[in-house]
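Written out below as structure tokens is the structure these notes cover.
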Amino acid sequence: MSCYKKIINRNFFFLIISLSLFLVNNNLFAQDGEALFKANCANCHKPDEDYTGPALKGWSARVPDKEWIYKWVANPAQVIASDAYAKSLFDKWKPTVMTAFPNLKKEEIDAIMKYVDNYKPAEKKDAAAGAAKDDSADNSLLYGILFLILAVVAFILLQVNSNLRKLTDDKEGVYRGEPVPFYRNKTYLMTGILILFALGGYYTINGAINLGRSRGYQPEQPIYYSHKVHAGTNQISCLYCHGGAQDSKHANIPSVNVCMNCHMSIKEYKGDPIVREDGKQVNGTEEIQKLYKYAGWNPETRQYNPDNNKDGIPDGASPIEWVKIHNLPDHVYFNHSQHVKVGKVQCQTCHGNIQEMPEVYQFSDLSMGWCINCHRESKVDFFNTSTGEGNKFYSIYEKFHKDLKDKKMDSVTVEKIGGTECQKCHY
Amino acid sequence: MIILSFSGMKFDSLRRFDKRNIIRRKPINKKDTMKKMVKSAVVFALACFALTSCSDKRKPGSIYVPDMAYSRGYETYAERNSKQFTSNISELGGKIFYNNLPVAGTIKRGCNIDMPYWDTAYHNNETIFPYVLTNDSTGYNLSDTVKNPLSALSDADLKESQRLFNINCAVCHGEKGDAAGPVAGKIGGVANLTQEAYVKMTDGKMFHSITYGKNMMGSYASQLNAKQRWMVVKYIRTLQPAPASDSAKAQTDIKTKTAGNP
């Protein structure tokens with residue numbers, strides 16, 4: 001019996017291994033197709049929609065035969081010259097001609113085509129994320145309801161308790177007076193007042209502390225500009241637009257010509273749908289049109305409007321009046337370059353994950369305590385006398401160098417070099 | 001505290017205490033004072049809520065002392081007084097016309113810090129300070145004669161020019177200069193700087209193109225100053241493969257100090 005079992009077990013084991021190998025292999029091919037597609041085609045093609053070139057899905061129904069694809073990929077210009085279907089394609093998409101890929105093998109092209117045909121847009125993930133979000137919202141409501149029910153039950157039980165006590169007292173002949181209704185019961189009233197007082201105090205003090213700080217401030221901007229699309233999806237460096245952060249006090253708001261560096265070419269928004277805070281969908285293409293109006297750019301002729309009134313800017317152009325979000329009071333001095341260039345602080349440390357914010361809000365409260373905390377914790381790029389690394393400016397701090405050598409301290413924080421002195425920021 | 005007062009013992013003793021109180025000061029209109037207390041507490045709490053819970057995230061909120069928060073002096077991005085200034089040229093005369101553009105011919109202060117005057121290569125090359133070639137085809141053709149005033153880059157300068165390239169150029173041209181940047185596919189027609197045409201392109205022409213823009217590429221003069229632009233040109237040379245023919249000139253450009261005089 002046990003012998004049979006062994007055989008079955010072994011066979012089963014083999015079966016599983018061979019099956020899994022088969023599955024993995026299949027997967028490998030599919031992935032290969034995806035990788036090849038992304039490396040070679042994705043710049044101009046999308047599987048399911050027209051882009052710089054046509055959508056590739058359903059190719060087999062359109063092309064004359066499979067050999068045609070191999071020829072086309074190897075040398076499109078030659079096929080255009082000799083083939084009617086290729087000519088019609090060229091007429092539709094001209095003047096762009098597809099780049100030739102003579103190095104792609106037939107199997108690789110097959111893998112790409114297989115990937116394209118099996119391609120499904122990734123929507124499920126979003127739905128799942130949405131469901132998860134709903135769950136978390138439901139939970140807090142549930143806890144609230146539970147708390148209320150329990151409070152009411154406790155209240156009723158207390159009432160029952162006092163009534164019962166009265167009954168037993170009456171039976172035993174102890175006089176206790178009429179029971180007081182709960183709204184005149186001083187214990188309840190006192191507790192209620194105390195709770196109100198505590199809550200009131202809490203909110204007043206918090207409100208007073210937060211006066212002048214506008215954490216979470218998220219004004220509506222003249223153009224729905226999504227940092228998530230620009231800094232997140234398109235991976236544009238923060239300093240591309242806000243180059244002032246490394247040179248000056250202000251991380252400047254980019255001038256319109258910086259926007260136009262890309263938007264001379266990018267006229268339409270084709271990315272994932274952007275949803276406004278109130279649930280409305282944003283039409284990215286319309287927002288880009290707004291930019292053209294501010295810039296005085298004519299997308300039809302691909303030129304700036306002429307400057308007929310000689311004011312130095314194209315006619316019809318006007319500055320975009322962005323709303324400044326991060327405001328420090330006049331009595332504080334803050335310099336971006338000092339932090340970004342010298343301190344090498346990441347933008348996200350103070351501004352939050354900007355690359356994930358569709359609309360920017362103030363992430364930190366920009367309070368003095370917040371500044372001081374960071375100054376206490378952050379280490380400066382202290383000059384290392386033995387290796388020569390670090391900021392040479394700090395070579396003048398002789399005592400710290402001595403202390404570091406004697407192992408009296410292990411690092412130098414901003415506070416140690418005077419980062420918490422009043423005059424450093426208030427003068 | 002709430003739990004304590006709800007527990008039986010405390011509850012009972014409090015009630016007894018209540019009764020004693022009532023007996024002692026019966027004639028005072030107790031109900032009214034109680035009601036007043038409750039009323040004032042409720043009003044107080046409501047006022048607190050009203051003060052704090054109305055904060056609209058679309059508005060910046062209030063501040064203690066506006067005099068200390070807002071600058072009296074002129075600050076960047078502060079609104080200009082519309083009674084004195086105008087950006088509309090038709091109102092010129094009555095008001096000061098100002099549209100944020102520097103006056104024609106203005107030279108940025110600190111230019112000689114970017115390019116120290118004792119750098120003879122720079123100082124002698126009048127075509128660069130200020131850059132006089134115009135943004136047209138004659139200027140573009142003439143730019144071939146402009147020499148890169150920078151001698152070979154030091155390690156620190158090379159690192160800095162790489163950083164500048166990665167911030168400003170790599171978005172389209174790719175970190176390796178191979179037109180594989182994240183938005184290259186969206187813009188289309190991005191130059192692959194490692195191709196022969198760009199290997200052969202002179203430094204001056206590259207500088208001219210970065211300064212004024214070329215085809216669908218915009219001007220980078222507002223993002224990179226003259227020295228930074230020349231540094232970026234130097235860095236692009238390090239990304240390119242060695243040119244196949246007549247390479248000697250471009251190679252020496254990178255490695256040895258070039259003379260400034262054309």
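Bear in mind that the values in this text are calculations on the coordinates, not laboratory data. Being a predicted model, the structure only gives us computed values, none of them experimental. Quick reminder, even Gly has a Cβ in these numbers, built from the backbone with ideal geometry, and neighbours come from all protein chains shown.
Values for this structure:
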quantity	calculated
Selected from A:40, A:206, A:353 as most flexible by GNM, with chain A as the system and alpha-carbon contacts under 10 Å	A:40
Where a label projected 7 Å from the Cα of residue A:154 along Cα→Cβ would reach, residues of region A:175-212 with amide N under 17 Å	A:187-199
Residue mean of other protein chain beta carbons inside 10 Å, A:335-346	0
A:187, B:134 arranged by Cβ crowding within 10 Å, fewest neighbours leading	B:134, A:187
Neighbouring partner chain Cβ atoms per residue of B:177-189, average, 10 Å criterion	4
Anisotropy class of region A:227-328 from Cα gyration tensor, a/c 1.5 cut	oblate
Highest-MSF residue in chain A out of A:267, A:407, A:324 [GNM, Cα springs under 10 Å]	A:407
Prolate/oblate/rounded call for region A:368-425, Cα gyration tensor, a/c under 1.5 rounded	prolate
Neighbour net charge for residue A:397 - beta-carbon separation under 10 angstrom, K R +1, D E -1	+1
Förster-model FRET efficiency, 41 Å R0, residue A:342 and residue B:56, C-beta, rounded to 0.05	0.65
Of A:290/A:310; A:228/A:267; A:379/A:405; A:249/A:405, those spanning more than 25 Å from alpha-carbon to alpha-carbon	A:249/A:405
Label-to-label distance, nm, for residues given as residue A:333 and residue A:427 (7 Å Cα→Cβ offset)	0.4
Rounded, prolate or oblate (a/c below 1.5 giving rounded, otherwise prolate when a/b exceeds b/c) for region A:142-209 by Cα gyration tensor	oblate
Debye log10 I(q)/I(0) for chain A, one point scatterer per Cα, at q = 0.07, 0.12, 0.14 Å⁻¹	-0.73, -1.20, -1.34
Charge-dipole axis of chain A as Lys and Arg at +1 and Asp and Glu at -1 on Cβ define it, positive-most pick from A:262, A:240, A:417	A:417
Net +/- balance of residues flanking residue B:215 in space, Cβ distance below 15 Å, scoring K and R +1, D and E -1	+2
Among A:396, A:320, A:209: highest mean-square fluctuation, GNM of chain A, C-alpha pairs under 10 Å	A:396
Axial C-alpha extent at least 20 Å, average Kyte-Doolittle at least 0.0 - helices from chain A (DSSP)	A:2-36, A:124-172, A:186-209
Test item: A:306-315 mean partner chain Cβ contacts at 10 Å	3
Dipole magnitude of region A:142-209, debye to nearest 20 (Cβ charges: Lys/Arg +1, Asp/Glu -1, about Cα centre)	60
